[in-house]
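No lab work stands behind these numbers, since they all come straight from the coordinates. Only a predicted model underlies this, so the values are computations on that prediction, with no experimental measurement involved. Cβ placement follows ideal geometry from the backbone for every residue including glycine, while neighbour counts extend to all protein chains displayed.
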Amino acid sequence: MERHAPDPVNTDLAQAMGEARVCTLCTAPQLPLGPKPILQGALSAKLLIIGQAPGTKAHMSGIPWDDQSGKRLREWTGLSDEQFYDPEKVAIVPAGLCYPGAAPGGGDNPPIRQCAAIWHPRILPLLKHVRLTLLVGLYAQKLYLKDRMTLSERVRLHPEGPFLPLPHPSWRVAGWIKQNLWFETETLPRLRSRVQQALGAR
């Protein structure tokens, strides 16, 4: 199989996204279901979502966050499906562009490490109008936040900078929310406000 690598000198976002979508640098056994990069974005996008990696349902449909975790994330942000899946408004570039397979103990494997190293420097600088980046889950946060905080500490601080960390919205988050009631009373209202501010920015 011919392997596709990024063109490091190209500065066109549409071409960069197109190259990412046909990336085949990783193959089995790294990707049990094969390469299928899933992302979205356009030059006008003002909100960027960096999550972990597509799940099995997203892999099958080719639609990012196409599962219950995505439904919960949309509820958290206050975005409708139409808004969330509008690449002119929202860019979605996960830490791993392809489904990494199921972990032996349940859940999914971590994103393949070299994926973000290859594609984020290629794509993210071209998203010049992004005003807010949601770092959803620990894998995304470890890429861009170098603090030594716990997840709870990091999320509750809700920094005012360009990054806003969130827990991963899988079914497992229910127990964490019960232990951290401030997430629904403090974090979610601020999150929705910042998302609307970002999308309304000119």
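Per-residue extension of 0.36 nm, minus the Cα-Cα distance of A14 and L145, leaves a gain of 44.4 nm for this segment.
Annotation: amide H-H contacts under 5 Å for L33 (H modelled 1.01 Å from N, sequence separation of 5 or more, or interchain): none. Comparing K57, K89, K178 in a Gaussian network model of the chain where C-alpha atoms under 10 Å apart are linked, the largest mean-square fluctuation is found at K178.
On a 0 to 90 degree scale, rounded to 10, what angle separates helix 188-200 from the longest Cα axis of the chain? It is inclined by approximately 50 degrees.
Bridge orientation summary for the chain: considering DSSP beta bridges with both residues in this region, about 15 percent are antiparallel.
In this simple spin-label approximation, W182 and Q68 carry label points 7 Å from Cα along the Cα→Cβ vector, and these lie 2.8 nm apart. Note on region 52-202: with charges restricted to the Cβ of Lys and Arg (+1) and Asp and Glu (-1), its dipole about the Cα centre is near 400 debye. Under the combined filter of DSSP loop state and at most 15 neighbouring Cβ atoms within 10 Å, region 110-202 retains these chymotrypsin sites (Phe, Trp or Tyr not before Pro): W171.
Based on DSSP H segments of at least four residues, each scored -39500 (n - 2.57), the chain has a per-residue ellipticity at 222 nm of -10000 deg cm²/dmol.
Taking every C-alpha pair closer than 8 Å and separated by at least 6 residues, the mean separation divided by the residue count of the chain gives a relative contact order of 24 percent. Which GluC sites (Glu not before Pro) in region 97-202 pass both tests, a DSSP loop state and at most 16 other beta-carbon atoms within 10 Å? Listed in order of number, the matching sites are E160. The ellipsoid that matches the Cα gyration tensor of region 100-196 has semi-axes, each √(5λ) in whole angstrom, of 23, 21, 11, with the longest given first.
Figure legend: label point modelled 7 angstrom from the Cα of A174 along Cα→Cβ; no residues of region 89-112 have amide N under 12 Å from it.
Kirkwood radius for the chain, taken over all pairs of different Cα atoms as the inverse mean of 1/r, rounds to 17.2 Å.
Determine the gain in length on full extension of the stretch K128-Q114; use 0.36 nm per residue of separation and subtract their C-alpha separation, reporting nm with one decimal.
Result for the pair: 2.7 nm of gain on full extension.
Applied to region 88-98, the Karplus parametrisation 6.51 cos²θ - 1.76 cosθ + 1.60 on θ = phi - 60° returns per-residue 3J(HN,Hα) values of 5, 10, 10, 9, 10, 9, x, 5, x, 6, 10 Hz, with x for Gly and Pro. Helix 113-123 and the longest principal axis of the C-alpha atoms of the chain enclose an angle of approximately 90°. Each residue of region 57-64 was assigned a 3J(HN,Hα) from its phi angle through the Karplus curve 6.51 cos²θ - 1.76 cosθ + 1.60 (θ = phi - 60°); the sequence is 5, 5, 4, 5, 8, x, 10, x Hz, with glycine and proline shown as x. Which residue, A140, A20, A174, has the most motion in a Gaussian network model of the chain that connects Cα atoms within less than 10 Å? Per the Cα network of the chain with a 10 Å cutoff, A174 tops the list.
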